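Worksheet for the structure shown next.
The values are calculated or read from the model by the stated rules, or taken from the named source; none is laboratory data. The model shown is predicted, which means the values in this text are computed figures rather than measured ones. So basically every Cβ, Gly included, is an ideal-geometry build from the backbone, and we count neighbours across all protein chains shown.
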Amino acid sequence: MSLMQIPRKIEYALRAMIHLADNPNGVARGSVIAREEHIPKYYLEKVIRDLMRRGLVRARRGPGGGYQLARPPETVSFRDVIEAVEGPITLNVCVDGSSACNLQPACRMFRVWEEGQRVLLDVFSHTMLSEIASARPQNAFLTGVVDSQAAKN
């Protein structure tokens, strides 16, 4: 089975940014991000460089140094992160605004690709890091302990 799949680079960039959004005022060491987010360290460094170039991440040097968000998480969308590491998002070449498809205007699929592009960009543009960071699942063990304590009272 073949899948339409998000490239690893995008997935790693989003995981790293969500990790940073979990603690927007703090600094995270690259080794910690790599370990906790299951990202190969060498790959994380490449992704972080791209994110820094686009002004989404900044580095702090010295003791206690590491990486932190350069903007508040409520102002950073999935689209910002994706385009920082991969460039403009395009579902198909016919909707990228620059390619001339030799099947146009008779292509019967164009309307579907165009609508898919619109919906995809809408979702990525309106999904902010702050939403995802705030939706972090609680530790199931701790939740169970709290629930059992509440039931006793």
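Picking from residues in segment 42-59 that are of a type in the set (D, E, K, R) and surrounded by 12 or more Cβ atoms within 10 Å (Cβ to Cβ), the one that is nearest to Glu86 (Cα to Cα) is Asp50. Restricting attention to segment 85-92, does a residue exist that is at pLDDT 85 or above, within 21 Å of Pro72 (Cα to Cα) and not in a loop (DSSP other than H, G, I, E, B)? Within segment 85-92 (the criterion being at pLDDT 85 or above, within 21 Å of Pro72 (Cα to Cα) and not in a loop (DSSP other than H, G, I, E, B)), the answer is yes, since at least one residue qualifies.
Can you say whether Asp80 is at pLDDT below 95, on the phi < 0 side of the Ramachandran plot and touching a Lys or Arg at 6+ places or on another chain (Cβ under 8 Å), as far as the supplied structure shows? Spelling it out, it is not the case that Asp80 is at pLDDT below 95, on the phi < 0 side of the Ramachandran plot and touching a Lys or Arg at 6+ places or on another chain (Cβ under 8 Å).
Of all the criteria given as (1) in contact (Cβ under 8 Å) with a residue 60 or more places away in the chain; (2) touching a Leu at 6+ places or on another chain (Cβ under 9 Å), the one not satisfied by Tyr67 is (1).
Checked against (1) within 22 Å of the chain's Cα centre (by Cα); (2) farther than 20 Å from Pro7 by Cβ, Val123 passes all but condition (2). Out of curiosity, is Ile33 at negative phi, crowded, with 16+ Cβ neighbours inside 10 Å and part of a loop (DSSP other than H, G, I, E, B)? The answer is no for Ile33.
If you go through segment 12-32 and keep only what is in contact with a strand residue (DSSP E or B) (Cβ under 7 Å, 6 or more places away or on another chain), of a type outside the set (Gly, Ala, Ser) and within 19 Å of Ser130 (Cα to Cα), you end up with His19, Leu20, Pro24, Val27.
Residues of segment 20-33 that are within 20 Å of Arg54 (Cβ to Cβ) and in contact with a Phe, Trp or Tyr (Cβ under 9 Å, 6 or more places away or on another chain): Leu20, Val27, Ala28, Gly30, Ile33. For segment 134-141, the criterion of being at pLDDT below 90, under 21 Å from the mean Cα position of the chain (by Cα) and surrounded by 11 or more Cβ atoms within 10 Å (Cβ to Cβ) is met by at least one residue.
Are any of the residues in segment 69-83 crowded, with 18+ Cβ neighbours inside 10 Å and in contact with an Asp or Glu (Cβ under 8 Å, 6 or more places away or on another chain)? Checked against the condition, which is being crowded, with 18+ Cβ neighbours inside 10 Å and in contact with an Asp or Glu (Cβ under 8 Å, 6 or more places away or on another chain), segment 69-83 yields no hits at all. Within segment 115-126, residues that are in contact (Cβ under 8 Å) with a residue 24 or more places away in the chain have Cβ atoms under 7 Å from residues that are among the basic types (Lys, Arg) and surrounded by 12 or more Cβ atoms within 10 Å (Cβ to Cβ) in these pairs: Leu121/Arg79; Phe124/Arg79; Ser125/Arg79, counting only partners at least 6 apart in sequence or on another chain.
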